[in-house]
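Enquirer: Below: one structure in structure tokens.
The values are calculated or read from the model by the stated rules, or taken from the named source; none is laboratory data. Keep in mind that this is a model prediction, so the values were computed, not measured. Note that each Cβ is placed from the backbone with ideal geometry, even for glycine, and that neighbours are counted across all protein chains shown. Surface areas here come from the heavy atoms of the whole protein model, side chains and all, with no ligands, DNA or RNA. Shrake-Rupley method; radii C 1.70, N 1.55, O 1.52, S 1.80 Å.
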Amino acid sequence: MYGAQLIHALRRREPSLEFFGVGGDRMRAAGCDTVFDSKELAVVGISEIFSHLPRIWRLFNKLIAEAEKRRPELAIVIDSPAFNWRVARQMHKCGSRVVYYVCPQFWAWRQGRVRLLRKYVHKALVIFPFDEKFYRDRGVNATFVGHPLAEVPFPEVDRAVYANQHQLDPAKPWITLMPGSRVKEVRMNLPTILASAARLGSDYEFLLPVAPTLDRDFLKALIAGNSSIRLVSDAMPALAQSRAGIIASGTATVEAALIGTPFVMVYRVSPLTYLLGRPRVRVPHFAMVNLIAGEEVVPELVQQNFTPENVVARVNEIVPDGPIRYRMVAGLAAVKARLRGLHAEESHAADRAAEVILSELAPNRGGRVFDDSIQAETAK
């Protein structure tokens, strides 16, 4: 999605630009010639990545070979630091200028990796307000452009029409369930989320948006027998119509914050991944919403604390009107304001990013742009 937004913004300014790289349906629709689909790199966890290394290495070599053949003026890498710092290094060696959009959160863990950005990246475009100072203090040429989701229009959906479309009871409160966007995440998170929904009972209706990276039949098989859960195609309308959410850590938590829907953040990885990764974490919170706010706005239930009993207890606190819900709603509104940035009323984050990116192109604009929008972080 971020890559597609960026391509549209760049093309509005420079229609002659050509794009190739790694992405999905949205980037292809925007005019990017994809070397392979980003779904092929969707891996979660430290221990889990080892079995996928031969395939990832093969795809990496395919990507670099294509880049060496086309010789782009500029390489744009998006998120996914475990893969993309290697892409940035190779593109730098090939003589392309390198822009990192949606810069990695190295302030959270592996801070030593900042040296890689200093060495191989000409410009870092960051989407969280505290990123800019962190990177600039460490010698990286960084600019905060705002979060790409912050200016997404609020979905205007009639509740009665939506209820009829998905066979929902409009009189009941709805809860959106978001277990993650990759198969491994869903397998780790969804069973406990489903157990939580069962405990919450028939007083609620449950919506489960199908992430673009997931197969609908895969989710259908996992929720078989749960008649109160409805699969829906888009997360934003579901969140807008829901009283609360149970949401796995990741971009979905930012979506919920921007919509203003109170939620409980949950997450689980394999025991080995958690054992290896937890000591490296350098931040006081897991949820991006809490990191942006600098305090706990939403509850975090991670690993052994992620149980049906704990989820139900927290949901029951935020569903009814009262101080806990009001405090969370106010906190989410403050987070949204920070993500929009100072110039949100003037332009979209992608437009601001496009202006910076074009300034990085050589004077004879109109060449090819390598756009690698992989966002499947290998170490959550």
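Enquirer: Could you check, for segment 126-135, whether at least one of its residues is under 26 Å from Val254 (Cα atoms), without any contact (Cβ under 8 Å) to a residue 12 or more places away in the chain, assigned to a helix (DSSP H, G or I) and out of contact with any helix residue (DSSP H, G or I) (no Cβ under 9 Å at 6 or more places or on another chain)?
Expert: Scanning segment 126-135 turns up at least one residue that is under 26 Å from Val254 (Cα atoms), without any contact (Cβ under 8 Å) to a residue 12 or more places away in the chain, assigned to a helix (DSSP H, G or I) and out of contact with any helix residue (DSSP H, G or I) (no Cβ under 9 Å at 6 or more places or on another chain).
Enquirer: Could you list, in sequence order, the residues of segment 139-171 that are free of Cβ contacts under 8 Å to residues at least 40 places away in the same chain, farther than 19 Å from Val356 by Cβ and either within 23 Å of the chain's Cα centre (by Cα) or open to solvent by 60 Å² or more (accessible area, probe 1.4 Å) (or both)?
Expert: Applying the first criterion (free of Cβ contacts under 8 Å to residues at least 40 places away in the same chain) to segment 139-171 yields 139-142, 153, 156, 158, 160-161, 163-165, 169-171.
Next, from what is left, pick out any that are farther than 19 Å from Val356 by Cβ: 153, 156, 158, 160-161, 163-165, 169-171.
Across segment 139-171, the qualifying residues are Pro153, Glu156, Asp158, Ala160, Val161, Asn164, Gln165, Pro170, Ala171.
Enquirer: Next question. So, in segment 187-237, how many residues would count as being in contact with a strand residue (DSSP E or B) (Cβ under 6 Å, 6 or more places away or on another chain) and basic (Lys, Arg)?
Expert: Final tally of qualifying residues: 1.
Enquirer: Still on this structure: Quick one: Lys336 ticks every box in (1) assigned to a helix (DSSP H, G or I); (2) out of contact with any helix residue (DSSP H, G or I) (no Cβ under 6 Å at 6 or more places or on another chain); (3) at pLDDT below 90 except a single one, so which number is it?
Expert: (2)
Conditions tested, residue by residue: (1) at pLDDT below 90; (2) of a type in the set (Ser, Thr, Tyr); (3) under 30 Å from His92 (Cα atoms).
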position: Ile318; (1), (2), (3): no, no, no
position: Arg327; (1), (2), (3): no, no, no
position: Gly331; (1), (2), (3): no, no, no
position: Ala350; (1), (2), (3): no, no, yes
position: Asn364; (1), (2), (3): yes, no, yes
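Enquirer: Next up: Here's a check for you: in segment 106-120, which residue that is among the aliphatic types (A, V, I, L, M) and modelled with pLDDT of 75 or more is surrounded by the most Cβ atoms within 10 Å (Cβ to Cβ)?
Expert: Result: Leu117.
Enquirer: Hey, can you tell me all the residues within segment 311-338 that are closer than 20 Å to Met288 by Cα and without any contact (Cβ under 8 Å) to a residue 60 or more places away in the chain?
Expert: Of everything in segment 311-338, those that are closer than 20 Å to Met288 by Cα and without any contact (Cβ under 8 Å) to a residue 60 or more places away in the chain turn out to be Arg314, Ile324, Tyr326, Arg327, Ala330, Gly331, Ala334, Ala337.
Enquirer: Could you check how many residues of segment 217-242 are farther than 11 Å from Ile175 by Cα and not charged (D, E, K, R)? I'd like the intermediate steps shown before the answer.
Expert: We begin by selecting, within segment 217-242, every residue farther than 11 Å from Ile175 by Cα; these are 217-227, 231-237.
Applying the additional criterion that residues be not charged (D, E, K, R) yields 218-219, 221-227, 231-233, 235-237.
Here the count works out to 15.
Enquirer: Continuing with this model, one more query. Tell me which helices (runs of 4 or more DSSP H) are completely within segment 182-296 and hold 1 or more residues being surrounded by 15 or more Cβ atoms within 10 Å (Cβ to Cβ) and without any contact (Cβ under 8 Å) to a residue 40 or more places away in the chain, or say none if there are none.
Expert: Values: elements: 183-200, 216-222, 235-241, 251-259, 271-277, 288-293.
In segment 182-296, the matching helices (runs of 4 or more DSSP H) lie at 183-200, 216-222, 271-277, 288-293.
Enquirer: Kindly indicate which of Ile46, Ile56, Ile76 is over 24 Å from Leu272 (Cα atoms) and either open to solvent by less than 40 Å² (accessible area, probe 1.4 Å) or modelled with pLDDT under 85 (or both).
Expert: Only one candidate qualifies: Ile76.
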